[in-house]
Amino acid sequence: MTDPKPTFKPEELLGNLRGHSFLSSYQLDVFCFKNGNGSPPETGWKLCNSLLPADLCTRICQPAVEQALKSVVTSNQPAVFHCPLGLLNFAVPLNSCAAPLCCVIGGGVRERSLDLFKLETIARTEDINPMAILDQLQKLPAVNEIELLRVAQKVHSLIPSFQKEEHHAVYVEKTTEQLNAIVQVSADIDAAATADAVVALLSETLGILFDVPTIAVALPEEGDRSFSLQRTWGDIPLDQTSISADKLRRLIPGFATDVIVLQGEDAEELIPAGMADVLTCIPLISASELFGLVLVFDRELPTRDLLLTQIITGRVAGKLRQLQQQAEYGKETSLSDKLMSIISSLALTEGQAELIRQVLDMGADLVNATSGSLMRVDDRGENLHIEAAIGMNLNLARSLNLKVGKGIAGRVALNGTPLLVNDIEKANLGQGVNRPRFKTKSFISLPLKFKEQILGVLNLADKKDQGLFTEADLELLTTFVEHAAAMIVRTHSLERAAVLEKLSLTDPLTELYNRRFLEKRMEEELNRSARQGLSLTVMLIDLDHFKLYNDYNGHIAGDKALKKTAKILRSSVRDMDMVTRFGGEEFCIILPGTVKREAIFVAERVRRGIECEPFAGEEELPLGRLTASIGLSAFPEDGDTATALIHAADVALYQAKADGRNRITFSAPPQEKDVAQVQEATKSA
């Protein structure tokens, strides 16, 4: 029987499956039988051999793999099977015309209870360290067979739709989006001023576009005899370290030309043990020269992702080559050396105000100026305002405005041409004699220009040695302000984006997060709680008779009451808890890692805090004071989705209202023990 040749594209199928959040904890692959007799591929069980050498994994796990795949192909139904080590895996058939005798196989998770005796027996038989395997197993997500079978059934129900033409279009569309993102990032890479900035852009792009958890970059050090290895993406505690080129050649033959994947012990020789089971090593090559090595942790990139990755790594290598050439040329003079150092430091400055101050200070330092100012053009393009000054009180300087087109700086801002003056008394500028606050008659005024946009003007005067500014000074500053202007624009864009993002996620009155943020974060917290087997409690708080309060006291008093309530809520919970304004006089608190019987203490603290806080005009309310009713629900017992949990808490809240207000109600009747704890908490609060 000839080998079946599936007409479907495995990369597209896996790409679509990985787009579903319920599969985020699983490693996925597609296996196809090589013949019709039911024998699985001879390459062994790929998803397990990060724990064991490939030959041992194949020998230990092959029977389980064979039995599972035969069962799946024969029954055309998904199945769950065990690895003797304690791993759980699932197989889903693709028995169709498009994919005959093929399966989607998922793994990377373990049983909740590990058979330590069996593990020790296998380790003794195979002469391997059982503690090392146990340590690796404990890092994996824990599930049970029922949960895994549900995942397999869900995958089975999704697969037919993925084999339709429209999902091929989705896959192509996703690839196109990634290509467009790479093109846009490439422009930022070309504009980057330092190797650090280039590497940061590369790491951020790979991390976000391809969902890579951790990235490190090895860059050649002086003389190319060693490489500096540092983490650039992720949160592993990898301090900067040095790796010799000889060690790289020994561990990664061909590391300077080819993409290499290291696993197990080979990976641990390169980085500290336990940080990664798989390392994908991608060289940064330009014009046949190696400029570094990108290390992708715990991820063997699919073919498509690897091709896209190599597009951007090629661009990065070219930029690193360009920066290297610039650095070598810059070493010819000490001033050029100083300029590169200043630009590198400037790239690390945080915040636009600090950046503008640094631009002025560094510009003055470059040419030994002792006074000066940096002026920004306003949004209308009509006036210049001093935002940083040297040799003059800043508050006084900020009170002085200048029309664009008027005065020396105004004309520079208007025409975009730098001005170098050796003697203001002899220059035909219409300015009269030298102004008293300046010590010399020489100064430089340069436009801060990004593309065709004039951002402002840098003015520098009074050299330390009372000397004159030169054409060399002007040329040096021109190079500097080109970079500075680009950084100011970028920082402004980032700060503006951050402000807009904050405005879109927060309530302007209470400064709490809003409902949109709640919906986004709650899904993330539920996924995390499900993966880690944690509880999560939802608390809905509603101010009692708040409409009456507004009617009696007016909306201004109502807004003050809402602000005061928000402060009480924030002070009543932990930093990790999420407080949001749900709408109107209703608030929602998410308590991660908290069960109901623990949440009751927080709820009582909130209820008592609102009850005891004085609110203007509250004596007119039916209860004589402003109070709150609270409804509680918890994951997983009251629901496993955000909608279900909010609904359950809402039902409990309305029950609290019906029972007389100013009380706490569970989404379901609490057990006797819970009731006792509630009563005890109320007494002691």
Within region 575-596, residues being without any contact (Cβ under 8 Å) to a residue 60 or more places away in the chain and of a type in the set (Val, Ile, Thr) number 2
Selection count, region 597-616, where residues are without any contact (Cβ under 8 Å) to a residue 60 or more places away in the chain and among the acidic types (Asp, Glu): 2
Condition (residue is modelled with pLDDT under 90, within 30 Å of Asp135 (Cβ to Cβ) and not charged (D, E, K, R)) applied to region 219-228: is it met by at least one residue? yes
Complete set of residues in region 271-288 that are in contact with a helix residue (DSSP H, G or I) (Cβ under 7 Å, 6 or more places away or on another chain) and farther than 17 Å from Ala132 by Cβ: Leu279, Ile282, Leu284, Ile285, Ser286, Ala287
Is it true that some residue in region 83-99 is in a strand (DSSP E or B), within 20 Å of Leu158 (Cβ to Cβ) and in contact with a Ser or Thr (Cβ under 9 Å, 6 or more places away or on another chain)? yes
Among Leu320, Leu295, Leu307, the single one that is more than 23 Å from Ile271 (Cα to Cα), in contact (Cβ under 8 Å) with a residue 40 or more places away in the chain and either among the hydrophobic types (A, V, I, L, M, F, W, C) or surrounded by fewer than 22 Cβ atoms within 10 Å (Cβ to Cβ) (or both) is Leu320
So, in region 367-420, exactly how many residues are in contact (Cβ under 8 Å) with a residue 60 or more places away in the chain and among the polar types (S, T, N, Q)? 4
From Glu269, Glu265, grab the single residue that is of a type in the set (Asp, Glu), more than 23 Å from Thr313 (Cα to Cα) and either at pLDDT 80 or above or more than 29 Å from the chain's Cα centre (by Cα) (or both). Glu265
Name every residue in region 501-516 that is at pLDDT 85 or above and of a type in the set (A, V, I, L, M, F, W, C), in order of residue number. Leu509, Leu512
When only residues in region 443-466 that are surrounded by fewer than 23 Cβ atoms within 10 Å (Cβ to Cβ) and polar (S, T, N, Q) count, which is nearest to the chain's Cα centre (by Cα)? Gln453
Among helices (runs of 4 or more DSSP H) entirely inside region 532-633, those with 1 or more residues being under 17 Å from Ala656 (Cα atoms), of a type in the set (Gly, Ala, Ser) and assigned by TED's automatic domain parsing to the domain that holds Val651 are 596-612
For region 195-218, give me each residue that is crowded, with 17+ Cβ neighbours inside 10 Å and not in a helix (DSSP H, G or I). Phe210, Val212, Thr214, Ile215, Ala216, Val217, Ala218
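The values are calculated or read from the model by the stated rules, or taken from the named source; none is laboratory data. None of the values given here were measured: they were computed from a predicted structure. Every residue, glycine among them, receives a Cβ derived from its backbone with ideal geometry; neighbour counts consider all protein chains shown.
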